[in-house]
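To start, the structure under review is shown below, and the notes come after it.
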Amino acid sequence: MIRVQELTKSYGAHAVLRGVTLEVARGELAVVIGASGSGKSTFLRCLNGLERLDGGAIEIAGTTLVPGLAPEEEERRANALRQEVGMVFQQFHLFPHMSALANIVEAPVHVAGVSPAEARERALHLLERFGLAAKARSRPDQLSGGEQQRVAIARALAMQPTVMLFDEPTSALDPRRAGEILRILDALADDGLTMVVVTHSMGFARKAADRVHVFHEGRVIESGPPEEVLVNPREAATRELLELG
Amino acid sequence: MLTLALALLALQAPSDALEAIRARGAFTWGADEEGGGPYLFPDPAEPSRRIGFEVELADALALELTRELGAPIAAQFAQGPWDKLPDLLKTGRIDLVLNGYEWTPERARDMAATLPYYVFELQLLTRADAAGASWEWLASAPPKQVGVLGGSSAESYLAQRCPTLELVSYDGNTNAMGDVVSGRLDATLQDLPIALFYRAEFPELAFTGAPVAPGRYVIYVRRGEQRLHTALDRALLALRTEGTLRAIDERYGIWTAAQENTEYLSLPAASDEAAVEAGFFARYGVPLLESAGMTVLLSLLSFPLAILLGLGIALGRLYGPRLVAWPLTLYVEVLRGTPLMLQLFVLFYVLPNAGLELPALGAAVLGLAVNYSAYEAEIYRAGLQAVPVGQMEAALVLGMSRRLALRRVVVPQAVRIVVPAVTNDFIALFKDTSVCSVITVVELTKRYNIAAMTHPSDVLPLAAMAAVLYLVMSYPLSLLSARLERALRA
């Protein structure tokens, strides 16, 4: 479903990604861990075209991203893959001028061309599934952080993506709310969605991940099932990360 | 208490003006250089020097006063806006008003008038190639458009004599003449000295019919300055008898037979005082209300246009390709960096030379909209930049195009941010509509100025009335914007 080869990305003289190679199979839940500044968030942003790549190639949900594309072509491909790939941010980024319901209905109606009535029904269904049926009319600033993140996940799911990217979805939340979100991710994985989750939560990685990828200084230094990578790490950097976690 | 008040009064009471002039060795005469020839204008050969028949008259008067007072007296020029000269006189900043001011009973009640120094008449000017132009033609159908100086005797003369005419009120003389040449106007009625002086510059214009409606140019001094008044009268009489006045007039080509019409060489009896005038509100209320309507119309037409233009410009500057962003930056800088008055002037008087002729109202609305669009653009740019980058990214990852993301997500948030600044600009534009008088659009401020000039004794109630009208119009705007802000925040 996702194939990344020798991906490089620099900001000026600072190389953030130094050749990332990684694969995610259909229906797999991949967890990406690594110290702050190891390049894991940049990697995730490259996956759906929010960052332009400098070298290597990304193949995701049938679209290929390579460097040096003409701006229009790049825009076209990014837009095409975003129809298939949803993303959830650490800071939620809900639209503050719309109600929770309107946030979820927005893209299906204006991007996918779903009829407002159907989009609304789908959105209410998602809200109910996430325990937010009573909050449909609330504005984002009237919701708690955990509620906002649940709405953000619902907003992404409303576009019925085949791949979901999560960029530290629990880092802005207290442990209890974080637990709620992780349970939702777990449930989504059971539905067969392909997911890439960047997180600091080792517990989640251990329990839910199909594969764990460890980022260190812009490279993947170790990949494998959690019981391997998290129990018997090969690399010193991984051990250090686990001790801190 | 009373003694204190009297003492203060004594301190404030101006000492005799003539004495003060003798002590200073100069009198200060107020005039407006912008009025141009033949009254007072920069010497074409040496623009830092002022010439004109009133400059020479002031110098000749200085000479006469020197003789009378036995001490050297010089004439000192003070620049002031023409319609505000009586106010400058009353506050003591100038000693006399000497600038083509006609004797009128209203002014004579407010200030003291000397003997006339020039007998002017009004001259009708039409295009030389307009066949059959005459006063009868002017009064015939269809209604003709005639340019006049706002608040001038020509305006009131035409309003009385030919009520069917469409009068267009100008700030300067030559603009109206130019607009007759270009065909925007059918005719203009000018003070004869002006028509004579500019005759050579406008060969396309013809003097139509004999001059009409003689009147007196007089010097005004403060009421109660009896000694200065008498000294000036005596000096003027001497200059007339010696032939100095005629020599000056002839140098500027404005000597006419009317200068020897004895009826106009003295002032009318003060019986005009008895003329009963209509009530204050009947005289000013309706015209002021009408021009307040014009103020509202200008604001309501131009501001929405400014907002749309400004938003487009801000989006182009922030999200457009460099080829679009750069010219837009230039647009904003040029329009913010030049005065609105100049921009209106270009739209109305310069563009017709390039074949684009706009009606006055159209030019005013366009000028205001274009000028304010530059300010709106900067406000929107700041507002758009204040929306967090994450909002655009969240919209993009949902599959929106940049355009759709702007329309649905970023712009609606920016609008909420800029509401207070935009309302503020609207009130500013509302008051800036007064600048449109330079292109013959008469709105509230212009109407007030005209009324205040023709009836100087009513200045205070007039000003109060204009101020109340402005407030009555702008206060609901403030209320409306406060509601809008609350509604958008909720």
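The C-alpha atoms of segment B:338-411 occupy a region whose extents along the principal axes are 53, 22, 18 Å, arranged from largest to smallest. What fraction of the DSSP beta bridges in segment B:119-215 is antiparallel, stated in percent and rounded to the nearest 5? Roughly 60 percent of the DSSP beta bridges within segment B:119-215 come out antiparallel.
With the helix formula -39500 (n - 2.57) applied to DSSP H stretches of n ≥ 4, chain A reaches a computed 222 nm mean residue ellipticity of -11500 deg cm²/dmol.
Report summary: the helix-based calculation at 222 nm, which adds -39500 (n - 2.57) for every DSSP H run with n ≥ 4 and divides by the residues of chain B, gives -17000 deg cm²/dmol.
Volume per residue for segment B:154-246 equals 148 cubic angstrom (convex hull of Cα atoms). Take the Kirkwood radius over Cα pairs of segment A:1-110, plug it into Stokes-Einstein at 20 °C and 1.002 mPa s, and you get 139 µm²/s for translational diffusion. With each label modelled as a point 7 angstrom along the Cα→C-beta vector, the B:Arg246-B:Val350 pair spans 4.7 nm. Residue by residue along B:402-409, Cβ atoms of other protein chains within 10 Å of the local Cβ number 3 on average.
Here B:Leu471 and B:Thr174 are evaluated by their C-beta separation; at R0 = 45 Å the FRET efficiency comes out at 0.80.
Calculate the tail of P(r) for segment B:280-489: the fraction of all Cα-Cα distances greater than 26 Å, expressed in %. For segment B:280-489, the share of Cα pairs beyond 26 Å comes to 46 percent. Over the Cα atoms of the protein assembly as shown, each weighted equally, I'd like the Debye log10 I(q)/I(0) at q = 0.08, 0.09 Å⁻¹, rounded to two decimals. Relative scattering, expressed as log10 I(q)/I(0), comes to -0.77, -0.86.
With a ≥ b ≥ c taken as the square roots of the eigenvalues of the C-alpha gyration tensor of segment A:60-211, please select rounded if a/c is under 1.5 and otherwise prolate if a/b is larger than b/c or oblate if it is not? Cα axes put segment A:60-211 in the oblate bin. Only beta bridges with both residues in the protein assembly as shown are counted; by DSSP, about 55 percent of them are antiparallel.
Note on chain A: antiparallel DSSP beta bridges, both residues inside, total approximately 55 percent of the bridges counted. Measuring nothing but alpha carbons in segment B:176-216 and taking Rh as the Kirkwood radius, the Rg to Rh ratio lands at 0.96.
Over the C-alpha atoms of chain B, the Rg to Rh ratio, Rh being the Kirkwood estimate, stands at 1.06. Amide H contacts of B:Gly92: none lie under 5 Å away among residues 5 or more positions distant or on a separate chain (H built 1.01 Å from N in the peptide plane; Pro and chain starts excluded). Counted by Cβ distance under 12 Å from B:Glu64, the other residues give a net charge of -1, where Lys and Arg count +1 and Asp and Glu count -1. Could you tell me how many degrees, from 0 to 90 and to the nearest 10, lie between the Cα long axis of helix B:286-319 and the main elongation axis, the longest principal axis, of the Cα atoms of chain B? Helix B:286-319 sits roughly 40 degrees off the main axis of chain B. Counting other Cβ atoms within 10 Å as a rough exposure proxy, the listed residues A:Lys9, A:Lys135, B:Lys90 run B:Lys90, A:Lys135, A:Lys9 from fewest neighbours to most.
Here, each number is a calculation from the coordinates, and none is a lab measurement. From a predicted model like this one, the values you see are computed outputs, not experimental measurements. Counting neighbours? That spans all protein chains shown, and the Cβs are built from the backbone with ideal geometry, glycine included.
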